[in-house]
Every structure is written in C-alpha cells, then in structure tokens.
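Just below is one structure, and these are the notes that go with it.
The values are calculated or read from the model by the stated rules, or taken from the named source; none is laboratory data. Note that the structure is a prediction, hence the values are computed from the model and not measured. A quick note on method: Cβ atoms are made from the backbone with ideal geometry, for glycine too, and the neighbour counts reach across all protein chains shown.
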Amino acid sequence: MLFNSYEFVFLFLPATLTGFFLLGKTSRAWALGWLIVASLFFYAWWRPLNVLIIAPSILVNFALASVLLRLRSDQARTRTARLVLALGIVFNIAFLGYFKYVNFFSTVVNDVAGTHFFLEHVILPLGISFITFQKIAFLIDVHAQRIESFSLRDYCLFVLFFPQLIAGPIVHYREMMPQFQKASCRFDKESVALGLTLFLMGLFKKVVLADGVAAHVSPIYDAVATGGDASLFTAWMAAVGFTLQIYFDFSGYTDMALGLARCFGVRLPPNFDSPLKASSIIDFWLRWHMTLTRFLTAYLYNPLVLWLTRRRLAAGKPVLGGRDARIGGAYFHLLAGPTILTMFVSGLWHGAGYVFILWGLLHGLYLSINHAWRMVGPRLWPDKASYNRFMRPVGFVLTFIAVAVAMVLFRSPTVGTASELLQGMLGFNGITLPQQIFERLGPLTSVLQPIVSPSVTSAGSGAEFIATTMWIFALLVIALALPNSLQILSRYEPAIGVKRRDEELEGWARVLDWRPTLPWAFLMSAIAVTSVIKLGGKSEFLYWQF
Amino acid sequence: MLPPARGLLSPAFSFLSRRVTLLSQYLNPTDAAMHSPSLTTHRAQARSTFSSLLAGRPGLYVLILLFSVLGAFAYKTRGEGVFACPGNGYGSDRYLAHCEIGGYADYDHGAFWFGLEPEARRHAVDADVVFLGSSRMQFAFSTTATDSWFAKIRVPYYLLGFTYTENVKFAAPLLSKLKPRARVYVINVDRFFDDTRETPPAKQILRESDAQTRYKDKQFWQSLHKSVCSSAPAICGSNPAFFRSRDTGAWELAGNLAAWNAATKTTSDGPVSDEERWDHFAALGREFVSTLPVEKRCVLLTIAPYDATKRAEAQAIADALGLDLVAPQPLNITTFDGSHLDRASAERWSQAFFDAAGPRIRECLDSSPRRS
C-alpha cells in the first residue's frame, strides 16, 4: 500500500489510528499489538506472500538476538557470542543477497564468462534493504550491550512499525523502544496536528512536486534509452530535473513517514536536512539519507578504519592525525580506501545493477577528493575567513554539479544511457534549442547561430522545453531558498533531536514558524486539497523497491 | 457613510458599521481619537482578535485539515473516480469492466490477467466457443440473438474482447496464460493482428511492476462502488460504463452516452488504407492461429461493421490465412457512436452472423471432442 494511495490515506490510516486510540484507552499493550497487526496488514497488502518471507526472518533474528543476550553476560563465552553475531550478519546478508542480488549476480556471471545462465526472476520483497540493515544493527547493538532487554512484541514493533517499514528512516532499537514504552497511546491533539501537517507536506512534495517534474524528466531518459541523443541543455535538464525529483520524492516520503509516526506519538530520526544546500560532498552526505549514512558509518566505515588503523600502528606505519608528514599511504589506506568501499556498498545497497555500483563508486571518489582537499586546502589557504568566504559558494556549486552528474547514473536504466547523457552534458552531442525558442531569441539568434542549432526534437516542443525549465527553476527555489519541513516545524521537535528555540529562528524560518493556528490551517488545507486532487496517479516512490 | 439600518438587513448594516468604525480608528488613530473616547478599548479588541487568530488551537486545526482532505476526496472520487459511473449495471453475475473516467477506466484487462474475477476466468476457460477482438466485437455479439443461439445448442460461449481496440499483443499472452478449452474461435479481425500498437492497459499489465496492485485497488473500489451506488444511486454519476457478464463475457452498457458524442451513424466500408502492412498483419495472424489448439477450419474470422469498416483488409488477411471471413452486411445497420453497433443493429447483425457461420460452428463442435 502506497502512502500516496486512496486506500492508505482514507481507509488504512484512519482505521489504524482509530483502533490504536480506542485500544489505547483500555490497554497500552493492546494498542501496540494492534499496531503490529496493522503493520503486517500494510505489508501484506502489496503481496501477501511477503509476510511469509519476512516472518521467518524476523523469528530467526529474534532467536539469534536472544541467544546473544544470554551469551554476552558470560565473559567465558565471548567467542561463541561473536560466532552467533557473525552467523546473524551472514544470515541477513544472504537473505538480502538472495532476493536482491541473485538475478544481478547471474547477469554479471553471464557478462564476464559469456554464458547464458537464466534464473527464474526473484521478486524483491518490499523494503528488504531497509529491514535487513535494521536487523543487522539490532544484532550488533545487542552484542555490544547497547540493548539491555527486549521482547518478541517489542522486536516485531521495531521491525514492522509501518511508517518506517518500507523505506526508512533506518532506526535504532534504542531510539524507538523507549518511545513506545512511554507512549500514552491516547489521542493527543498536538501530536496529531503536527503529524498530519508533516504528512501533508510530504504528500505535497511527492504527488505535486516530484511527480510534477517527473512527467517532464522521465521522457528524456526514455528517449535516450531508446536510442535518442541528448544535447547539452536537454542532458542538463535530465540531470538537474531528476536530482530535484528524487530529492522531493524521497524527502516527501520521509516527511510522510515522520508525520505518520508522530500521529502515534513516536518521533523518528531526521533523514534529510536540505542536502541540496550542502557546500561540500561530505556535507551532502551528512544531510542526504542521514540514517543510511549513520548506519554505514557506524557499522561499516568506523569498524573498518579502526581495524586498519590498528594494523598500521602495529606495523609501525604512520596514521592519519599523527605528526608524521608522510601520510600519503595512510590517506589511501585509512581514508580513501574505506570511503570508496563504503560507498560501493551504499551503491550496491541502492540497487542491483552496474549503474548503482558506479554511482556509489563515484560518490566514494568525490568523498575521497573532498577529504584530501580538507587536509590540503587550509594549508594552501591559511586565512580561514577568506577561505570560507570563497569556498562556500564554490563548494556549493561544485557539490550540486557533482551530485547531479552522479544522479544521471542513478536514474539511467543502463550504463550506455548514462554515458550518452553524460556526453550530452559535456556538449559532445551538440547544443540545440527547440526551433520555436530559437526563432524567438531576436538578436541573440544570430549571435548563437555558430554554436547553437535549432531542433524540433530537443526535449519535445518549445513549450515542453519552457515548462521543464520552469519546473526546475521553481523546485530549485523551494529546495534552496526556503526552510525545509523539519525547520518549519522545529518548534515542536518533529524528529528526534530537531528542536529549536525562538531565538534560533532566523529569516524565512521565523516567518514560516509553524504553529497549529488558523492561518496555518488554511494554508495546509490548500496544500492538502491540491495533494488529494493529484492523488491516484501512477507513481511509486523511487526508494520503494530498495 | 453607511445608510441607516433598515428591516431585514439591519443586523448586517449595524455589524458593518461597527467594523468600519473600528477599522478607521485603527488606521487613523488621530482622527479616531477626536471622535472616539474608547480607542484604547477598540485597539485592545483588535489586538486580541489578531492574537486569537494566531493562537494555537490544535483541535480546530486538525478538524479543518480533516474537513479539507475529506472534501477534496469526495470531490475527486465523485468527479474523477469510479463514482462518476452509475452502479445500475451490476447484477448477480456482472462486474464493472470499464468506467469511462480517467481515474478508473479499465478494470477488465487486469481482472483476467491477474485472476481478480475467477468466475469470469473459469467461464472463459470452459467455453466451447471463444470470441476474440475489441469493443466492437463485444458490442456486436452482446445480444439476445447470440445468447439464444448458443442456448439452443446448449453450448457455453465467451466473449473475450477488450476495450482500447485491444489486439493480439495482449490476447496472445492472455490465451497462453488462460489456456481455454474452446473448440471454436471467432476472431474479429479488425486490426486484431497489429503488433505495432500497444494499448495502455496492455502496456501497464505487461510492463509495469505495480500493475497488479493498481488493479487490485480498482477491485477494492469497485466493491465499494457497488454497495454505495446500489443503495444510494443519486451519489453516483452517469458516465458511460460497461458491465461484463461473468458467465458469457457479454457487455451491458450503462450511463449517459452523451460523453461520446453518441449520435447514430450508419455503417459503411472505409477506404482502403495501409495496404503495405497487410502482409505483416497476415503473417502475425498466421502465427497466432497456429498457436490455437483447434483445427484451422474452426477458426472463423469476422469484422463487426462501423462507419469505416476495414472490410477489404479483413478479406485480404482471411485470404492470406486461408480462413473464412464471415462478415454479413444486413441493411440499415447503425452504430451509436460511429464505432460500435447499437443494440438493435447488433441483434440483427449477430443473428445474420449465426445464420451464416452457425453450420460451421456446429460442425466443429460435433467433430471435435470436448477437451478436459
């Protein structure tokens, strides 16, 4: 069931909330039990078989975690605990690997060995990538004694809680369970008002903004995928347009998830913090899909770097942060290598395909360069104030371009399509403008004649070209100039740790400081009506199948 | 100045008068101070009105949002969803195959492909005579004449045609999925063997991953539509809708045909066109017919007439395939929209069809054993 479907908005959600609040009056345990049942129903709606796939995996993880919980108190059995943890991680990765990567693996084997193995197409259970990461994090946290106790009901609630079940945010048990344990399970006007607002903001982002620009951007990718070429402007429209589409799509989904959870009195962690405003690629990853970055950093990057650092120290080699000036090796060994590996995993996690791997590797490369610059830049430019004054805008532009270039890989169905578009972005496919626009440029027409040629196929007609440009411009203004939804709602802590005091609000954030007042009610009503009118189009969330 | 308050309008005048005074005092305090000794009180009232507007009222806020969302939903479902169509075509064996509105449209394709109407699928599989084609075939054979003819010989039949001028691109995979046990096939050849065009429902079903979910959603909304529109028909609109019989596949038309510019038009043969593509159509037809598990003579081609019937093309394909084209031409046959036979014409045309093709159908049924 999609968050942006009639069934969800007008049947499932009201029924679930009503049941939750009614049962909450009698017993909290009943209300939480109801939430699990509703979440299972939500999950089964798309494909009932999914429940049969996910249920055994939950039970196996619960059993392993229970064993870990018993073993960890016994110092003598540390080794066994490690083995159980390793078994759990392998189980989860194998589970994910089978459903998500077996078809891709056969493709790779066929491509490399020239064979023609054919495997029956394995259908990917919804949200398996998110669920798997959460389960792995849970096992590691139990092993590391960060979780003291848990029950099957709590574990099911943690894994299945429907607002974050399909596409995150990726949550930690220790940030969710205390909230469930304290939740009143009663109707709270303020929480519901905030939750509904956040949900409607997300719905608007998805069905109006993301789907709106998608209608103009997707045809470009489809045309290139079927053999068309993309000239400079068209290719850039495809790149920037999709960057904005995925941003509003995923941040819209996340807002909806956060809003839904808040209706039940639960705060989820923030997942987006205006990433397109980032002034460096490191900054971008601290703002984009924040819970994924948090997971990969905590459970892959940090342990890997720690292990490598120990090995280097044991070998008497210099490490980063030391006084030794010869840190080139350390940089590659302890920073660039682990970063690229982590982003490779990130790419593979996003999708089983060459384009996703390349997307991950490219971001790994970006991050490595950014880290290197951070080490070298301040030495070359000691005046910190002027450095910041210059580098902030330059960094912003470079980051935006880098992200948009990488997004071409993310969106393209094949490496060939991506390559065609990237060539177009570099101007290798020429510079064209729709005939209708070219003819109306007045004196500019003769000036541009030597480099720009008129085209009747470039991004469709002149009207389509203008419409796409206007969409991109409007979305850029929203994404870059306005405060994000969490900032607007920050007075009421819409996500874990996102709370600001009055004196911290500035600029637009002060003007758009949300409170459940009548003006806001009318503004949100307008947003709600527009979103509901636009509901029902065929648009899955881009992150739905990850 | 406002005129003196009088009669029925006096409360409104006095209210307006108070507001105007208050506003003028607020905007022009010096002048107001000369006339109004209670300026401070008025200012305080204005401030209090303003601050009450900005006071947090979560309960009222939630109510306003819910009201807006539900209002928009009601508008949308009635205006752009299944509720734009009437519910008077449902019967014990009929479901809504198509509602002519962007937000719902086709249900039939998905119902068969995803098995959402198992009864309909079962009857299609068990029928001895299966009719294939588009909506033109459906309207031409959804008649009492067809029903009576098959009732007389006690043979089950099924009209397996679809909207959007559906063709072999959907019919072929559907048949290989359903595996009907038919002993006779009647194909409305009118652009049926055209693989250059993929209809929107076929594209969605065959290529889009969320198609099943979307059709299941339509099934759900149909059940709601059935119960609401049966008990309160006034709520539902009158856009054209087709209801399909699960037993025979026959369509029943409901709703107001004005949306289709439904003027009666006489049928005639259209000009010959696309001759260069006929060989391709024939090749495709040959391939399709070879996959049908019946004797070739038990595959009959026909073409239901309309205002530009492609009779020459149909004849050419039939000749190339070595099959009979049974395409009667009774006089004064008309369509209700230029494309589909009206009820009376369909009755006469289908009767003429069975008069002509009946012996061959009977012969095939008699000579070929019923498959289990």
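Structure above, values below:
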item	result
Qualifying position, being touching a Lys or Arg at 6+ places or on another chain (Cβ under 8 Å) and acidic (Asp, Glu), among B:324, B:366, B:342, B:355	B:324
Subset of region B:122-143 [crowded, with 20+ Cβ neighbours inside 10 Å and in contact with a helix residue (DSSP H, G or I) (Cβ under 8 Å, 6 or more places away or on another chain)]	B:124, B:128, B:129, B:130, B:131, B:132, B:139, B:140, B:141, B:142, B:143
Unmet criterion (only one of (1) hydrophobic (A, V, I, L, M, F, W, C); (2) part of a helix (DSSP H, G or I); (3) touching a residue at least 12 places away in the same chain (Cβ under 8 Å); (4) within 14 Å of chain B (Cβ to nearest Cβ)) for residue A:40	(4)
Every residue from region A:510-546 that is facing chain B (nearest Cβ under 7 Å), in a helix (DSSP H, G or I) and modelled with pLDDT under 85	none
Residue selected from region A:416-440 under the condition surrounded by 15 or more Cβ atoms within 10 Å (Cβ to Cβ) and among the hydrophobic types (A, V, I, L, M, F, W, C), by the criterion farthest from the chain's Cα centre (by Cα)	A:438
Neighbours by Cβ (under 6 Å, 6+ apart or cross-chain): first from region A:284-299, more than 26 Å from residue A:142 (Cα to Cα); second part of a helix (DSSP H, G or I)	A:284/A:275; A:284/A:399; A:285/A:293; A:287/A:275; A:288/A:275
Qualifying residue in region B:150-158 (condition: closer than 26 Å to residue B:311 by Cβ, touching a Lys or Arg at 6+ places or on another chain (Cβ under 8 Å) and in contact (Cβ under 8 Å) with a residue 60 or more places away in the chain)	no
Flag if residue A:486 is modelled with pLDDT of 85 or more, touching a strand residue (DSSP E or B) at 6+ places or on another chain (Cβ under 7 Å) and part of a helix (DSSP H, G or I)	yes
Selected residue [of a type outside the set (S, T, N, Q), within 14 Å of chain B (Cβ to nearest Cβ) and either surrounded by 19 or more Cβ atoms within 10 Å (Cβ to Cβ) or in contact (Cβ under 8 Å) with a residue 24 or more places away in the chain (or both)] from A:3, A:20, A:91, A:62	A:3
Considering residues of region B:321-356 that are over 16 Å from residue B:309 (Cα atoms) and aliphatic (A, V, I, L, M) only, the residue surrounded by the fewest Cβ atoms within 10 Å (Cβ to Cβ)	B:344
In region B:125-156, the residues that are within 20 Å of the chain's Cα centre (by Cα) and either basic (Lys, Arg) or assigned to a helix (DSSP H, G or I) (or both)	B:135, B:136, B:137, B:138, B:139, B:140, B:141
Positions within region B:64-80 being within 7 Å of chain A (Cβ to nearest Cβ) and either within 20 Å of the chain's Cα centre (by Cα) or not in a helix (DSSP H, G or I) (or both), in sequence order	B:76
Enumerated helices (runs of 4 or more DSSP H) restricted to region A:93-190, each holding at least 2 residues that are closer than 30 Å to residue A:71 by Cβ	A:128-143, A:152-160, A:173-182
Output for region B:88-107, where each listed residue is more than 12 Å from chain A (Cβ to nearest Cβ), small (Gly, Ala, Ser) and either out of contact with any Lys or Arg (no Cβ under 6 Å at 6 or more places or on another chain) or over 21 Å from residue B:235 (Cα atoms) (or both)	B:89, B:91, B:92
Residue under evaluation residue B:207, criteria (1) in contact (Cβ under 8 Å) with a residue 24 or more places away in the chain; (2) within 14 Å of chain A (Cβ to nearest Cβ), criterion not met	(1)
Complete set of residues in region B:43-63 that are modelled with pLDDT under 75 and assigned to a helix (DSSP H, G or I)	B:43, B:44, B:45, B:46, B:47, B:48, B:49, B:50, B:51, B:52, B:53
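So that you can scan it fast, the table gives a plain yes or no per residue for (1) within 14 Å of chain B (Cβ to nearest Cβ); (2) crowded, with 23+ Cβ neighbours inside 10 Å:
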{"position": "A:175", "(1), (2)": "no, no"}
{"position": "A:178", "(1), (2)": "no, no"}
{"position": "A:181", "(1), (2)": "no, no"}
{"position": "A:184", "(1), (2)": "no, no"}
{"position": "A:190", "(1), (2)": "yes, no"}
{"position": "A:195", "(1), (2)": "yes, yes"}
{"position": "A:206", "(1), (2)": "no, yes"}
{"position": "A:216", "(1), (2)": "no, no"}
{"position": "A:219", "(1), (2)": "no, no"}
